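Here's the structure, in structure tokens; my notes come after.
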Amino acid sequence: MARYRGPKSKISRKFREPIFGPDKVLEKKNYPPGQHGPNKRRGKQSEYAIQLAEKQKAKYTYGILEKQFANIFEKSSRKTGITGELLLQFCERRLDNIVFRLGVAPTRSGARQLVSHRHITVNGKIVNIPSYTLNAGDVVGVREKSKSLEAISASLASSSVNKHEWLSWDGALMSGTIINLPERQQIPENIKEQLIVELYSK
């Protein structure tokens, strides 16, 4: 299962963004980690370093390993359209991400765990593969036996329903439908996908 097991606050500080969700450490120490903290003189980054950092940020954000990410890029480059936008679209269409977007889990890692533990269904059938790619019209729901789980109830209670135009949520059935595939402006992640495309195109 693709997941980062190291210190999450350190990664968030590296990119100066809450990659894994709200982080109090990031608020207190909004500078990169390291021995010299905010006083370290950092030289100008090379073009390659900037592109690589953007790719790493995208991988950490969606919880995708290198080989998986490279495969997603390859699929995106073969399709007709803007490669960078298609790359993010494929990331958004992952089952663990959809579960997170619907508010069933507060984080993507939490969503990944729900999927792996067989609490999530797709079109009525249990799917336990976090990287499963969904299409427009697919219905993602909470398994009947899992609807009473406290973790799911708490997450749904704290999330704002229908905050994503391309998804719809039915609270009574505890299921969501993918209305259409997300366009770039509907993806809130602060990722400069063009830099990733340039990196892989070298």
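The values are calculated or read from the model by the stated rules, or taken from the named source; none is laboratory data. From a predicted model like this one, the values you see are computed outputs, not experimental measurements. Because the Cβ atoms are built from the backbone with ideal geometry, glycine has one as well, and the counts that use them run over all protein chains shown.
Return a yes/no flag: does segment 102-117 have any residue that is more than 18 Å from the chain's Cα centre (by Cα) and at pLDDT 90 or above.
Among the residues of segment 102-117, at least one is more than 18 Å from the chain's Cα centre (by Cα) and at pLDDT 90 or above, which makes the answer yes.
If you go through segment 61-73, how many residues are buried (at least 19 other Cβ atoms within 10 Å of the Cβ), at pLDDT below 95 and not in a loop (DSSP other than H, G, I, E, B)?
Selection size over segment 61-73: 2.
Please find, among 156, 199, the residue that is touching a helix residue (DSSP H, G or I) at 6+ places or on another chain (Cβ under 6 Å), crowded, with 17+ Cβ neighbours inside 10 Å and either modelled with pLDDT under 95 or at negative phi (or both).
199
Report every pair of residues separated by at least 6 positions or lying on different chains whose Cβ atoms are under 8 Å apart, first residue within segment 107-126 and over 17 Å from residue 61 (Cβ atoms), second of a type in the set (Lys, Arg).
What qualifies is 118/143; 119/143; 120/143; 121/143; 126/118; 126/143.
Looking at (1) crowded, with 16+ Cβ neighbours inside 10 Å; (2) touching a Gly at 6+ places or on another chain (Cβ under 9 Å), find the lone condition where residue 182 falls short.
(2)
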